[in-house]
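For reference, the structure discussed in these notes is given below.
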Amino acid sequence: MKVQSIDRAFDIMESLSKEPEGLSLTEISKRLELPTSTVYRLLSVLRDRNYIDKNDSTNMYKLGFGFMELSSMFLHGLELKSEANDLLRTLSRQSGQVVFLATEQDGDVVYIDKHEPFSEAKKYCFIGQRKPMHCTALGKALLTAYSDNEIRSRYQGVTLEKITPKSITDLEVLIRQIRTSREAQYSFDDEENTEGLYCVAAPIYDYRGIIIAAVSTSWDINSLEVRDREKNIDLVKNCARTISTRMGYIGG
């Protein structure tokens with residue numbers, strides 16, 4: 001029964017997608033050969049979730065902004081990966097390290113792309129993998145989009161997991177570090193997610209000036225001198241700025 005309801009909901013949305021002026025409840029019922037009570041119930045659910053909009057003065061139903069937002073997010077992700085691809089490859093070559101592109105989803109870091117200079121560097125992560133935000137450079141870069149109080153609200157009642165001995169588990173310590181990262185335009189994790197690895201990341205902005213993703217690189221803590229670490233920080237920040245420009249960002 002549930003599968004049938006989902007199927008009917010899609011039938012409704014597909015019918016409305018072909019009618020820019022919208023359809024009435026009766027018209028939808030006739031087209032789909034369904035009882036008006038069934039259609040009304042499905043329309044109510046879709047309307048509550050903003051996938052359907054109703055003009056109360058004409059009683060006509062149209063596709064809502066929720067459907068548009070889903071499409072926009074999907075297309076935005078495709079555009080981001082397309083615009084970032086060659087820059088990630090260049091960053092990997094210049095730094096000699098694996099690089100990642102990630103976004104936030106349901107409070108986690110989600111890896112959506114990576115490039116690596118050597119095929120044996122498979123131990124780091126795979127596309128689609130999720131990791132906590134509080135102990136990853138990518139997550140901290142994404143958290144710079146939020147104010148201190150917004151971060152406190154997000155983690156209210158949440159225990160920050162101790163992934164490694166160096167993981168930050170004090171929320172106020174995390175907030176202070178993110179505040180510094182916000183000013184410096186890059187973040188880091190020092191063996192906080194994986195022992196032996198140091199990671200730096202920088203945020204990526206879209207045309208609205210909103211942080212939509214982050215780019216990072218990681219390396220073995222014993223493999224680079226301090227001057228090389230600073231070079232990689234600059235490379236990551238420059239890469240993030242260039243991707244942001246390609247996404248329409250014109251800020252400072």
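The values are calculated or read from the model by the stated rules, or taken from the named source; none is laboratory data. These numbers were taken from a predicted model, which means no experiment stands behind them. When we count neighbours, we look across all protein chains shown, and the Cβ atoms used for this are built from the backbone with ideal geometry, even at glycine. Accessible surface areas use protein heavy atoms only, side chains included; no ligands, DNA or RNA. Shrake-Rupley method; radii C 1.70, N 1.55, O 1.52, S 1.80 Å.
Here are the numbers for the structure shown:
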item: In sequence order, calculated HN-Hα J values of the stretch 107-115 (Karplus, 6.51, -1.76, 1.60; Hz; x Gly/Pro); result: x, 10, 7, 10, 6, 10, 6, 7, 9
item: Cα-projected label distance for Arg130 with Arg229, points at 7 Å along beta-carbon direction, nm; result: 3.2 nm
item: Normalised convex hull volume, the stretch 89-229, alpha-carbon set, Å³ per residue; result: 117 Å³
item: For the stretch 113-246: relative contact order, % (alpha-carbon pairs under 8 angstrom, 6 or more apart); result: 22 percent
item: Relative contact order (%) - the chain, alpha-carbon pairs under 8 angstrom, separation at least six; result: 15 percent
item: Pairwise FRET efficiency - Ala184 versus Ser44, Cβ, R0 = 41 Å, nearest 0.05; result: 0.25
item: Carbon and sulfur %, accessible surface of the chain computed with the full protein complex present, 1.4 Å; result: 51 percent
item: Cβ-Cβ FRET estimate between Glu79 and Asn222, R0 fixed at 35 Å, reported to 0.05; result: 0.35
item: Using alpha carbons only: equivalent-ellipsoid semi-axes of the chain, gyration tensor based, whole Å; result: 44, 20, 17
item: Built amide H within the under 5 Å cut-off of Tyr249, gap 5+; result: Tyr207
item: Hz values of 3J(HN,Hα) by residue in the stretch 36-47 - Karplus curve (6.51, -1.76, 1.60), Gly and Pro given as x; result: 4, 5, 5, 5, 4, 4, 5, 4, 5, 5, 5, 5
item: Neighbourhood charge, 11 Å Cβ-Cβ cut-off, centred on Ile163 and excluding it, Lys, Arg +1 and Asp, Glu -1; result: -2
item: Note, ³J(HN,Hα) from phi for the stretch 14-31, Karplus 6.51, -1.76, 1.60, rounded to Hz, x at Gly and Pro; result: 5, 5, 5, 5, 9, 10, x, 7, x, 9, 7, 4, 5, 5, 5, 4, 5, 5
item: Aspartates and glutamates whose Cα lies under 18 Å from that of Lys166, excluding same-chain neighbours fewer than 8 positions away; result: Asp189, Asp190, Glu191, Glu192, Glu195, Asp220
item: Members of Lys140/Lys162; Lys18/Lys81; Lys131/Lys237; Lys81/Lys162 lying beyond 25 Å, as alpha-carbon distances in this model show; result: Lys18/Lys81; Lys81/Lys162
item: Pair Asn55, Val158: separation of 7 Å Cα→Cβ label points (nm); result: 4.2 nm
item: Mean Cβ count within 10 Å, highest first, over the residues of peptides 52-64, 134-146, 199-211; result: 134-146, 199-211, 52-64
item: Accessible area expressed per residue, the chain, with surrounding protein chains retained (probe 1.4 Å, Å²); result: 56 Å²
